[in-house]
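Novice: Please find one structure pasted underneath; my questions will follow.
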Amino acid sequence: MRRAWLTAIAAAAVLTSVSLRADPDAFVLDRFGEYLESLRVQVNIPALAATVVGTNDILWERGFGRQDLESAIPASPITAFHLDSDTQLFTAAMTLRCVESGRLSLDDLVGKFRPGSPDAGVTIGQLLTHTSETPSGLVFSYRPARLEPHMPAIKACENGSSRNTLATLLDRNAMMDSVPGPDVLGLTPPAEGIPSAQDAERYKNALTRLAIPYAVDGQGREPAARNSAPTLTPGTGLISTVRDLARFDLALRRGVIVRLDTLTNAWQAPVGAKGQRLPHGLGWFVQNSNGQPVVWQFGTGETGSSSLIVTLPARGLTVILLANSNGLAKTSPALSAGDLTASPFGRLILGVFAH
């Protein structure tokens, strides 16, 4: 990994010597792609898809490597990948829409929706920030699986399943290559959360472009023993492409999905027990780099998938990376604690765009 770190530093040094506008030019984006490919090879990721999203449109997108090594199918911006815990961005968006409509409050207790939950005394808002109240104040602990009570909360708000609500959100934002859960083809529309038979057929077509998950170690790359997630939950299970995620990002930052003031509040760090800013807002990690806010989230499966979504609000940019191994975001205490620089890909993004 030392070579990857040195590569990222070299890339940043080259690229930051170029004068950047609000939207980076083709030269900068092409060089970013070259260094991204170098990192992909060093970390041994079979397939990587990437996009850079500006204020109004996709500025750059590219696929690297092969989504299926046996068939030598190249990765592309419409290759589908498991998002793992990046699914929680959509859970946050659906929850915040319910809050805006007045049908849900961030102060509602989990026990209202899951009376037997061990987190019955925790609020819906605290689940999104991965915090808990202690006698001395809020404490942070990153556990995406803890978001499960959002399923009945969203169902109560929308009078329908959380999967159906997510499917509707995907449709409204033209995310036609996204799939609300790897088990979706085993469900019967519309009663089990799928809007229509036409939607089910579209999901089937999208899954034909799903990147094969690979377990990567020092000996090589082998198909993973199992998928990242067997079903859709508030914290995992969504399948998407970088192009579809760019559509979600644009709609989010334009105030289409939630109001801009709601999003601004979601991107604020809560205050911890010792008066310090905690690393996670309502669905997103939040930190600063070179005096600029950085809003981001990552996902990683046990073996064969990873994702990284980084937004720089002051620059009006979002960078989205999806991979079919865990190389983008290998389990790291520092990454889970809210330090994007724990990932060499995070360091590269910040070195190129956050200055």
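The values are calculated or read from the model by the stated rules, or taken from the named source; none is laboratory data. What you see is a predicted model; the values in this text were computed from it and never measured. Ideal geometry is used to build each Cβ from the backbone, glycine not excepted, and the neighbour counts take in all protein chains shown. Accessible surface areas use protein heavy atoms only, side chains included; no ligands, DNA or RNA. Shrake-Rupley method; radii C 1.70, N 1.55, O 1.52, S 1.80 Å.
Novice: Of everything in the stretch 57-93, what is open to solvent by 10 Å² or more (accessible area, probe 1.4 Å), closer than 21 Å to residue 181 by Cβ and in contact with an Asp or Glu (Cβ under 8 Å, 6 or more places away or on another chain)? Give them in sequence order.
Specialist: Passing the criteria: only 78.
Novice: Here's something else I'd like to know. Taking the stretch 261-281 as the region of interest, how many residues are basic (Lys, Arg) and without any contact (Cβ under 8 Å) to a residue 40 or more places away in the chain? Outline the logic, then answer.
Specialist: Taking the stretch 261-281 first, the residues basic (Lys, Arg) are 274, 277.
Those left that are additionally without any contact (Cβ under 8 Å) to a residue 40 or more places away in the chain: 277.
The qualifying residues number 1.
Novice: Search the stretch 186-214 for residues being more than 24 Å from residue 299 (Cα to Cα) and among the charged types (D, E, K, R), and hand back the single one that is least open to solvent (accessible area, probe 1.4 Å).
Specialist: 199
Novice: Mind listing whichever residues of the stretch 106-164 are at pLDDT 90 or above, open to solvent by 50 Å² or more (accessible area, probe 1.4 Å) and part of a helix (DSSP H, G or I)?
Specialist: If the condition is that a residue be at pLDDT 90 or above, open to solvent by 50 Å² or more (accessible area, probe 1.4 Å) and part of a helix (DSSP H, G or I), then 112, 145, 151, 155, 156 are the ones that fit.
Novice: Also: Might you let me know whether the stretch 250-264 holds any residue that is in contact with a His (Cβ under 7 Å, 6 or more places away or on another chain), part of a loop (DSSP other than H, G, I, E, B) and farther than 30 Å from residue 73 by Cα?
Specialist: no
Novice: Within the stretch 94-105, track down each residue that is open to solvent by 30 Å² or more (accessible area, probe 1.4 Å) and in contact with a helix residue (DSSP H, G or I) (Cβ under 9 Å, 6 or more places away or on another chain). Before the answer, list the steps.
Specialist: Keep residues of the stretch 94-105 that are open to solvent by 30 Å² or more (accessible area, probe 1.4 Å), which gives 97, 99-103, 105.
Within the stretch 94-105, 97, 99, 100, 101, 103, 105 meet the criteria.
Novice: Residue pairs, Cβ under 9 Å, 6 or more apart or interchain, first in the stretch 39-63 and closer than 19 Å to residue 240 by Cα and free of Cβ contacts under 8 Å to residues at least 24 places away in the same chain, second open to solvent by less than 40 Å² (accessible area, probe 1.4 Å) and outside any strand (DSSP E or B). List them.
Specialist: 63/75; 63/76; 63/77; 63/79; 63/242
Novice: Scan 132, 105 and give me the residue that is more than 18 Å from residue 268 (Cβ to Cβ) and either of a type in the set (S, T, N, Q) or touching a Leu at 6+ places or on another chain (Cβ under 6 Å) (or both).
Specialist: Working: 105 fails: more than 18 Å from residue 268 (Cβ to Cβ).
Being more than 18 Å from residue 268 (Cβ to Cβ) and either of a type in the set (S, T, N, Q) or touching a Leu at 6+ places or on another chain (Cβ under 6 Å) (or both) holds for just one of 132, 105, which is 132.
Novice: Further, regarding this structure: Go through the residues of the stretch 172-185 one by one and say whether even a single one is within 24 Å of the chain's Cα centre (by Cα), over 22 Å from residue 81 (Cα atoms), open to solvent by 50 Å² or more (accessible area, probe 1.4 Å) and without any contact (Cβ under 8 Å) to a residue 60 or more places away in the chain.
Specialist: no
Novice: A further question follows. Restrict the check to the stretch 38-52 and report whether at least one residue is closer than 21 Å to residue 341 by Cα, over 21 Å from the mean Cα position of the chain (by Cα), open to solvent by less than 60 Å² (accessible area, probe 1.4 Å) and at pLDDT 95 or above.
Specialist: yes
Novice: Only one of (1) part of a loop (DSSP other than H, G, I, E, B); (2) at pLDDT below 95 fails for residue 177. Which number is that?
Specialist: If we test residue 177 against (1) part of a loop (DSSP other than H, G, I, E, B); (2) at pLDDT below 95, just (2) comes out false.
Novice: Filter the stretch 232-281 down to the residues that are under 19 Å from residue 306 (Cβ atoms) and open to solvent by 30 Å² or more (accessible area, probe 1.4 Å) and list them by number.
Specialist: 233, 236, 243
Novice: Ok, one more. Return the only residue of 278, 308 being closer than 22 Å to residue 145 by Cα and under 17 Å from the mean Cα position of the chain (by Cα).
Specialist: Going through 278, 308 in turn, just one is closer than 22 Å to residue 145 by Cα and under 17 Å from the mean Cα position of the chain (by Cα): 308.
Novice: Of the residues that make up the stretch 238-260, is at least one in contact with a Ser or Thr (Cβ under 6 Å, 6 or more places away or on another chain), farther than 25 Å from residue 65 by Cα and without any contact (Cβ under 8 Å) to a residue 40 or more places away in the chain?
Specialist: No, that holds for no residue.
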